1. Based on what the data block shows, is residue 150 more than 20 Å from the chain's Cα centre (by Cα), under 23 Å from residue 15 (Cβ atoms) and open to solvent by 30 Å² or more (accessible area, probe 1.4 Å)?
2. Can you name the residue in segment 60-79 that is without any contact (Cβ under 8 Å) to a residue 24 or more places away in the chain and assigned to a strand (DSSP E or B) and is also most open to solvent (accessible area, probe 1.4 Å) among such residues?
3. Just to be sure before I move on: is residue 93 closer than 17 Å to residue 48 by Cβ and touching a residue at least 24 places away in the same chain (Cβ under 8 Å) in the structure I sent?
4. Listed residues 26, 57; which is part of a strand (DSSP E or B) and out of contact with any Pro (no Cβ under 9 Å at 6 or more places or on another chain)?
5. Taking segment 18-30, which residues are more than 22 Å from the chain's Cα centre (by Cα) and either open to solvent by less than 10 Å² (accessible area, probe 1.4 Å) or closer than 13 Å to residue 150 by Cα (or both)?
6. Only one residue in 8, 3 is over 21 Å from residue 166 (Cα atoms), assigned to a loop (DSSP other than H, G, I, E, B) and touching a helix residue (DSSP H, G or I) at 6+ places or on another chain (Cβ under 8 Å), so which one is that?
7. Of the residues that sit in segment 96-143 and are among the small types (Gly, Ala, Ser), under 24 Å from residue 42 (Cα atoms) and in a loop (DSSP other than H, G, I, E, B), which one is least open to solvent (accessible area, probe 1.4 Å)?
8. Give just the number: which of (1) part of a loop (DSSP other than H, G, I, E, B); (2) in contact (Cβ under 8 Å) with a residue 24 or more places away in the chain does residue 146 not satisfy?
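The values are calculated or read from the model by the stated rules, or taken from the named source; none is laboratory data. Bear in mind the structure is a predicted one, so any value in this text is a computation, not a measurement. Virtual Cβ from ideal backbone geometry, glycine too; neighbours counted across all protein chains shown. SASA here: full protein model, heavy atoms, side chains in, ligands and nucleic acids out. Shrake-Rupley method; radii C 1.70, N 1.55, O 1.52, S 1.80 Å.
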Amino acid sequence: MRPAAPLPGTRVRIALTDRSGDDAVVRVIAAPRRDMAVHGCLSEALAPFADALLIDVTAGGRTVIPGAWVEPEVLDRGTPLAPVPVTAADLRPPAVIAGTPEHAALCWGETVWPLDLGGVVSIPTSARADPHPLSRLRRLALVASGRRAEIALTLWQAPDFEIPWHDVRLLPRAASWFQLAQVPPGMRYADAEAAQGVGRARPRR
């Protein structure tokens with residue numbers, strides 16, 4: 001039997017480096033199978049994250065990663081902290097690109113936006129769906145905090161290294177991907193759900 005997913009608001013502390021007190025806080029926002037399924041089924045857009053957790057990360061008193069999909073081991077290996085409330089505004093899922101250059105879509109949480117790449121624009125690996133293990137989440141939190149040079153792996157320090165965000169929102173030139181998908185400028189995720197009638201905007205029966 002699959003162990004129960006941690007509840008929204010569950011928090012753990014993770015170490016960013018070996019220095020004492022150099023850490024970040026991971027907070028659970030949602031577990032897809034429990035919190036985002038409809039009649040027990042996940043949408044196709046969320047299927048790659050069925051066994052992942054949606055979290056956010058704070059460090060130094062600010063949110064450095066507003067939403068990320070992670071492997072459950074991130075919570076298992078962290079140091080538990082007191083839970084805090086999660087609000088509707090905290091649901092800020094990553095956006096990823098699914099399909100092929102001929103038939104692609106921008107999947108932003110439960111919303112799906114056809115993406116016309118003309119069959120020729122390559123899809124970056126860093127934009128594909130892939131929940132983060134703890135080791136990668138630590139490095140991403142350092143990058144997001146402006147501390148990329150402190151990462152021990154030299155390749156992560158190279159200017160031309162493709163940071164594996166697995167979230168279009170955090171890629172260089174992120175806006176251009178959303179423009180290609182014809183996501184209205186400035187749209188929040190809640191507005192995207194409302195526009196497509198999914199997630200919290202889905203009609204209740």
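1. On the way: more than 20 Å from the chain's Cα centre (by Cα): yes; under 23 Å from residue 15 (Cβ atoms): yes; open to solvent by 30 Å² or more (accessible area, probe 1.4 Å): yes.
Criteria met by residue 150.
2. Let us first name the residues in segment 60-79 that are without any contact (Cβ under 8 Å) to a residue 24 or more places away in the chain, namely 61-63, 76.
With assigned to a strand (DSSP E or B) added as a condition, the list becomes 62-63.
Values: 62: 120, 63: 67 Å².
Applying the filter and picking the extreme gives 62.
3. Answer is yes for this residue.
4. Values: 57 fails: out of contact with any Pro (no Cβ under 9 Å at 6 or more places or on another chain).
Of the residues listed, the single one that is part of a strand (DSSP E or B) and out of contact with any Pro (no Cβ under 9 Å at 6 or more places or on another chain) is 26.
5. Filtering segment 18-30 down to residues more than 22 Å from the chain's Cα centre (by Cα) leaves 18-22.
Those that are more than 22 Å from the chain's Cα centre (by Cα) and either open to solvent by less than 10 Å² (accessible area, probe 1.4 Å) or closer than 13 Å to residue 150 by Cα (or both): 18, 19, 22.
6. Values: 3 fails: touching a helix residue (DSSP H, G or I) at 6+ places or on another chain (Cβ under 8 Å).
It is 8.
7. The first filter runs over segment 96-143 and keeps only residues among the small types (Gly, Ala, Ser), leaving 98-99, 104-105, 109, 118-119, 122, 126-127, 129, 135, 141.
Within this subset, residues satisfying the condition of being under 24 Å from residue 42 (Cα atoms) are 98-99, 104-105, 109, 126-127, 129.
Checking which are in a loop (DSSP other than H, G, I, E, B) leaves us with 109, 129.
Values: 109: 4, 129: 42 Å².
It comes out as 109.
8. (2)
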